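Written out below as C-alpha cells is the structure these notes cover.
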Amino acid sequence: MNLLIVEDQTALAELWRKHLERQGAIVTVAASEDSAVSYLQEQKFSVVILDLDLAKGSALAIADFASFRLPEVQVICVTSSSFFSDGSIFNLCSNACALIQADTPPNDIAAMAEHFGSRAS
C-alpha cells in the first residue's frame, strides 16, 4: 500500500510514518500543500492521511487535487480541533473516508489506512 502523509508537524509525521512502514506500507511525507501536490502529480497513492490544520496552504485544496488526480484515493482527515465535528468535512471533501483526532494512536491509524487502502485498490 502506498500512502501519503500530509502533516507539517515533523515529529507527528515521523511517528505515523515509522509505524505505517513497520506495518508494510510505502510512505511518503509532505509538510506543505506544494509538496503534497507535487507528490500527487508524480505518484499513485491509495490513501492520503491529511492534516486539516496545516499552518501553510489549504488541506481542502490538497484533497480536491487528490480527488481529481486519483479519483479512487481515500483521504483520512486528521484534526486537533473540533471544527469539523459535525461531519461537514464529508460534504466538503468527496474522498474523505474518516475524520480522526491528531492524538489517535498510531495502531488505529495504521488499521484505518489498511482498511481504506484495500477499498481503493
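Go through (1) on the phi < 0 side of the Ramachandran plot; (2) out of contact with any strand residue (DSSP E or B) (no Cβ under 6 Å at 6 or more places or on another chain) and name the single condition Gly24 misses.
Condition (1) is where Gly24 drops out.
Please list, ordered by first then second residue, the pairs with beta carbon atoms under 6 Å, 6 or more apart or interchain, first in the range 1-30 and among the hydroxyl-bearing types (Ser, Thr, Tyr), second open to solvent by 20 Å² or more (accessible area, probe 1.4 Å).
From residues that are among the hydroxyl-bearing types (Ser, Thr, Tyr), the pairs are Thr28/Tyr39.
Which fully enclosed helices (runs of 4 or more DSSP H) of the range 2-74 have 3 or more residues being under 13 Å from the mean Cα position of the chain (by Cα) and under 23 Å from Pro105 (Cβ atoms)?
Details: elements: 10-22, 33-42, 59-69.
Because the criterion is at least 3 residues that are under 13 Å from the mean Cα position of the chain (by Cα) and under 23 Å from Pro105 (Cβ atoms), the helices (runs of 4 or more DSSP H) in the range 2-74 that meet it are 10-22.
Criterion first (at pLDDT 95 or above, buried (at least 18 other Cβ atoms within 10 Å of the Cβ) and farther than 22 Å from Ser118 by Cβ) does Ala59 satisfy it? Before the answer, list the steps.
Details: at pLDDT 95 or above: no; buried (at least 18 other Cβ atoms within 10 Å of the Cβ): yes; farther than 22 Å from Ser118 by Cβ: yes.
No.
The values are calculated or read from the model by the stated rules, or taken from the named source; none is laboratory data. As the structure is a computational prediction, the values presented were derived from the model and not from experiment. Ideal geometry is used to build each Cβ from the backbone, glycine not excepted, and the neighbour counts take in all protein chains shown. Protein only, heavy atoms only, side chains kept; ligands, DNA and RNA dropped before computing areas. Shrake-Rupley method; radii C 1.70, N 1.55, O 1.52, S 1.80 Å.
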